[in-house]
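Peer 1: Next up is a structure, given as structure tokens.
Taken together, the values in this text are just the output of simple stated rules run on the coordinates, not laboratory data. The shown structure was predicted, so the numbers you read here are calculated from the model rather than taken from an experiment. All Cβ positions, glycine included, derive from the backbone under ideal geometry; neighbour counts span all protein chains shown.
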Amino acid sequence: MAEIAIVGGGPAGSLCGEQLARSGHSVTILDEHLAWEKPCGGGLTHKATQAYPFLLHNSLPKKLVHSVELISSDNHRVQFQLPHPIVVYSRTVLNGLLLDRASSSGCSVRRARVTSIDTDSPRPRYCADGEWRSADFLVLASGARNRFSPSSRPLLPSELEITQGYFVPDSRDTIQIKFLRQFEGYIWSFPRNDHLSVGICGKMDSHNSAELRSHLQSFISSEHISTEAARFYSHVLPSPHEHSFSQRPVVGRNWALIGDAAAWVDPLTGEGLFYAMRSGEILGRCLAEGFPEKYPARVKAAFSDELQFAARIVRRFYRGTFLGNAITTSMVLLMRRSSVLRQLVGDLFSGTQDYTSLKRRLLGHLGLSVSEFVSCVLNTDRPASLAGHSASDSAD
Ligand SMILES: Cc1cc2nc3c(=O)[nH]c(=O)nc-3n(C[C@H](O)[C@H](O)[C@H](O)COP(=O)(O)OP(=O)(O)OC[C@H]3O[C@@H](n4cnc5c(N)ncnc54)[C@H](O)[C@@H]3O)c2cc1C
């Protein structure tokens, strides 16, 4: 039975702790806030609810959202249904659920801020609330603002997004996503059980807070959302490059990074909750088997190729053009006419379609315009006749 200390009790740390405690290890989770309203949309895709059905089957407050509206930068709109709902939680509720599970599987959960770590001594040490303690292994699950990266490096501004938004006392039934001209990021409105999480994310090295705030305010007024009793939030979100994963080791002799601290986030959508939980679970299993060094390969087999693929196409998706329009605008216009594309985007959104197998799905099933459009986004087998078609060609 090894002693494991986990810095951070968010989704990554809680799942890792639960896994390890179930395998008989002695686990301490340290979090400065415990269950708190971490700035987040709180949306969980089908991938997450399939892997962790307890997220769906419980009596806690949450919202099951079945429809999404996409809005282009020039205000074209399309609405589509999801084959599986996106489950939207308040983070206080979600973190509480995950920490309770960790605690009931045997973890000791402590409210404490870790200020320093030392991974050079034979047993790694950490300083919490002014007191140094040691463990056999240190798991770093302290999120996107993680300050501890032994033998690794912190995330660079180009690997981060700034986010800001409001928790608004309002109720709606549809998720809204609004794209902006030449902007790497988007605005969202996620309906929760008793309020909305409305926010914006944008690349830290390309956009600044004032720019984000101005786009968000325009959206809020055009959608008639009142921020009178709303609470403002801001945070950072990892947005890894293709090479971030190879340049930043995530495991060492007596430590490992999981969740946002390891940058396991989809740079195209900002989805991080599933990857945080899955990376925590995978590291927990590797540690329980006594082979932490297997963690990167298992993450690769589970999901990191997907994130790398997203990193390859993200700039093209947000900044590229197709037939003279922004790719995001072409997508909205084509989706208005093509039920096949609406279904495909619905599957991507709900997490039942991954990026890496999209190309296979393309073959034979899509009409010419839609097929060319998706090829253009993925940059796969770019058709020579691209310029010959217009977005008004028959879609399906
Ligand atoms: C605005 C915004 C919207 C988002 N929307 C979505 C969404 O809708 N769906 C989705 O899938 N993902 C979303 N994400 C991403 C998602 O929030 C993260 O990927 C996820 O929270 C990562 O989980 P984690 O456990 O790695 O880190 P976190 O959830 O950040 O947890 C880290 C924990 O560590 C603790 N901590 C940090 N430092 C210390 C320290 N020194 N000592 C003790 N404790 C410490 C913190 O208190 C925190 O509880 C969003 C992110 C942002 C910023």
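Peer 1: Arranged by the count of other C-beta atoms within 10 angstrom, fewest first, what order do Lys38, Lys178 take?
Peer 2: Values: Lys38 18, Lys178 23.
Least to most surrounded, the residues fall as Lys38, Lys178.
Peer 1: On to the next question. Efficiency by 1/(1 + (r/R0)^6): what FRET value for His57 and Arg145, r their Cβ-Cβ distance, R0 = 30 Å, to the nearest 0.05?
Peer 2: Numbers: r = 32 Å, r/R0 = 1.08.
Efficiency, rounded to the nearest 0.05: 0.40.
Peer 1: Distance from the Cα centre of region 1-48 to that of region 90-141, in angstrom?
Peer 2: About 9 Å separates the Cα centre of region 1-48 from the one of region 90-141.
Peer 1: Which of Thr92, Thr28, Thr328 moves the most in a Gaussian network model of the chain with Cα springs under 10 Å?
Peer 2: With Cα springs under 10 Å in the chain, the top fluctuation among Thr92, Thr28, Thr328 is at Thr92.
Peer 1: Can you compute the FRET efficiency between Arg253 and Ser26 using 1/(1 + (r/R0)^6), with r the Cβ-Cβ distance and R0 = 22 Å? Round to the nearest 0.05. Please list the in-between numbers first.
Peer 2: Details: r = 19 Å, r/R0 = 0.89.
Efficiency, from the Cβ-Cβ distance: 0.65.
Peer 1: State the antiparallel share, in %, of DSSP beta bridges confined to the chain, rounding to the nearest 5. The partial results should precede the final answer.
Peer 2: Numbers: 47 of 68 bridges.
Once the DSSP bridges in the chain are tallied, antiparallel ones form about 70 percent.
Peer 1: To the nearest 10 degrees, how steeply does helix 368-378 sit against the main Cα axis of the chain, on a 0 to 90 scale?
Peer 2: Helix 368-378 and the main axis of the chain meet at about 30 degrees.
Peer 1: If I fit a long axis through the Cα atoms of helix 11-22 and take the longest principal axis of the Cα atoms of the chain, what angle between them do I get, 0 to 90°, rounded to 10?
Peer 2: 50
Peer 1: Quick one: 3J(HN,Hα) in Hz for region 275-284, Karplus 6.51/-1.76/1.60 with θ = phi - 60°, rounded, Gly and Pro as x.
Peer 2: 5, 5, 5, 5, 5, x, 5, 5, 4, x
Peer 1: Compute the FRET efficiency between Ser121 and Ser171 as 1/(1 + (r/R0)^6), taking r as their Cβ-Cβ distance and R0 = 51 Å, and round to the nearest 0.05. Intermediate values should be presented prior to the final figure.
Peer 2: Values: r = 53 Å, r/R0 = 1.04.
Once the sixth-power term is evaluated, E becomes 0.45.
Peer 1: Which angle between 0 and 90 degrees, to the nearest 10, do you get for helix 209-222 versus the longest principal axis of the chain when only C-alpha atoms count?
Peer 2: Orientation of helix 209-222: about 60 degrees from the principal axis.
Peer 1: Something else now. Gain in length, Phe232 to Gln81, computed as 0.36 nm per residue apart minus the alpha-carbon separation, to one decimal in nm? It would help to have the intermediate numbers written out before the result.
Peer 2: Details: separation 151, 0.36 × 151 = 54.36 nm, distance 2.96 nm.
Extra length available between Phe232 and Gln81 comes to 51.4 nm.
Peer 1: Quick one: 3J(HN,Hα) in Hz for region 69-83, Karplus 6.51/-1.76/1.60 with θ = phi - 60°, rounded, Gly and Pro as x.
Peer 2: 10, 9, 10, 7, 4, 9, 6, 6, 10, 9, 10, 9, 8, 9, x
Peer 1: How many angstrom lie between the C-alpha centres of region 159-177 and region 262-333?
Peer 2: The two parts, judged by their Cα centres, are 21 Å apart.
Peer 1: Another question, if that's okay. Between beta-carbons, use under 15 Å as the cut-off and find the net charge around Gly24, counting Lys and Arg +1, Asp and Glu -1. Intermediate values should be presented prior to the final figure.
Peer 2: On the way: positive: Arg22, Arg285; negative: Glu3, Glu18, Asp136, Glu289.
Overall, the nearby charge balance is -2.
Peer 1: Next question, about the same structure. Can you put Thr227, Thr115 in order of Cβ neighbours within 10 angstrom, beginning with the fewest? Show your work: numbers first, answer last.
Peer 2: Numbers: Thr227 17, Thr115 13.
Listed from fewest to most nearby Cβ atoms, that is Thr115, Thr227.
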